[in-house]
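What follows draws every value from the coordinates through simple rules; no lab data is involved. Since the model is a prediction, treat every value here as computed from it, not as a measurement. Here Cβ is always computed from backbone atoms with ideal geometry, including for glycine, and neighbour counts include all displayed protein chains.
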Amino acid sequence: MSLGLTEHRKEDREQRLAEIREALGSRSIVLIGLMGAGKTALGRRLASRLDLPFIDADAEIEEAAGSNISEIFAEHGEAYFRQGERKVIARLLKSGPQVLATGGGAYMNAETRANIKAHGISVWLRAELKVLLKRVNRRDNRPLLAGDDHEAVMKKLMAERYPVYAEADVTVESRDVPHDTIVGTVVDALADKLGCAKKPAKDQSREKV
Ligand code: S3P
């Protein structure tokens, strides 16, 4: 049976996603980056494209604590939250393969970074200040942004964290474009990093089979 061009492209795409899953083995794809980088929104879509489970570390911390992150910060302080974050991520990393979105501060912990290196492929969703601010200003559930000067806080966090985030296995620019476009770029970057097949050429006509 001969397949049409569209079916061929679809087959190539599926083949490539299967190769990524195979190369991944039991490792997790771990999304890191600042608040507003799109770790959860992009992570969900990436997981669905790769047909892998999606886990949000912050949601798991809230579940384990029985309260939300703002309450944990208010009642127990940031150090307590960081301790829980480190433990929960260490536990979650044992359950790959999966797409794991982490809170913006998680990768700053050396033990968590080492765990991610041992059990995952890290993807830094890097974003410009303007893009981050536009996104974080939509919601007010982040304790680090409880004050008014979001710009100053984000600038400080960028200065402290970007050099550390830069240790990630893969970096993808989280631009102000549709999520699916960025997910496509993440898939390409992962395929490249994992040594999988090249992207099927878009406009290249195929030999008849
Ligand atoms: C934090 C980021 C938040 C959450 C907590 C602390 C940080 O997660 O873990 O409020 O230190 O950057 P998101 O990056 O998902 O917003």
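Its DSSP H runs of at least 4 residues, each contributing -39,500 (n - 2.57), put the calculated 222 nm mean residue ellipticity of the chain at -17000 deg cm²/dmol, to the nearest 500. Here, segment 67-123 has an Rg and a Dmax of 11.8, 34 Å when only alpha carbons are counted. Considering only TRP124, MET35, LEU144, and ranking their Cα positions along the charge dipole of the chain that arises from unit charges at the beta-carbon of Lys, Arg, Asp and Glu, the one farthest toward the positive end is TRP124. For segment 1-112, the equivalent ellipsoid built from the Cα gyration tensor has semi-axes of 35, 13, 11 Å, listed from largest to smallest.
Over the chain, the reciprocal of the mean inverse Cα-Cα separation, the Kirkwood hydrodynamic radius, stands at 18.2 Å. Hydrodynamic estimate: the Kirkwood radius of segment 97-148 over Cα pairs, inserted into Stokes-Einstein at 37 °C and 0.692 mPa s, corresponds to D of 249 µm²/s.
Over segment 1-45, what lengths in whole Å, largest first, do the semi-axes of the equivalent ellipsoid take, defined as the square roots of 5 times the eigenvalues of the alpha-carbon gyration tensor? Provide the component values of the computation, followed by the final result.
On the way: eigenvalues 187, 46, 6 Å².
Working through the eigenvalues yields semi-axes of 31, 15, 6 Å.
Taking Cα pairs under 8 Å and at least six residues apart, what relative contact order does the chain come out at, in percent? Before the final figure, lay out each step's value.
Numbers: 277 pairs, mean separation 65.5, N = 209.
Normalised by residue count, the contact order of the chain is 31 percent.
Determine, for each peptide in 180-192, 95-107, the mean count of other beta carbons within 10 angstrom over its residues, then list the peptides with the highest first. Walk me through the numbers on the way to the answer.
Working: 180-192: 17.2, 95-107: 22.8.
Packing proxy ranking, top to bottom: 95-107, 180-192.
Just tell me which lysines come within less than 25 Å, Cα to Cα, of LYS134; anything on the same chain fewer than 8 places away is out. The reachable lysines, counting only those whose Cα sits under 25 Å from LYS134, are LYS39, LYS155, LYS156. Once the C-beta distance of ALA159 and THR6 is scaled by a Förster radius of 35 Å, the resulting FRET efficiency is 0.15 to the nearest 0.05.
Across segment 28-91 the C-alpha pair distances fall into 5 Å bins from zero in the proportions 4, 16, 24, 23, 19, 9, 4, 1 percent.
Here the average projected area of the convex hull drawn through the C-alpha atoms of segment 97-194 stands at 6.9 nm².
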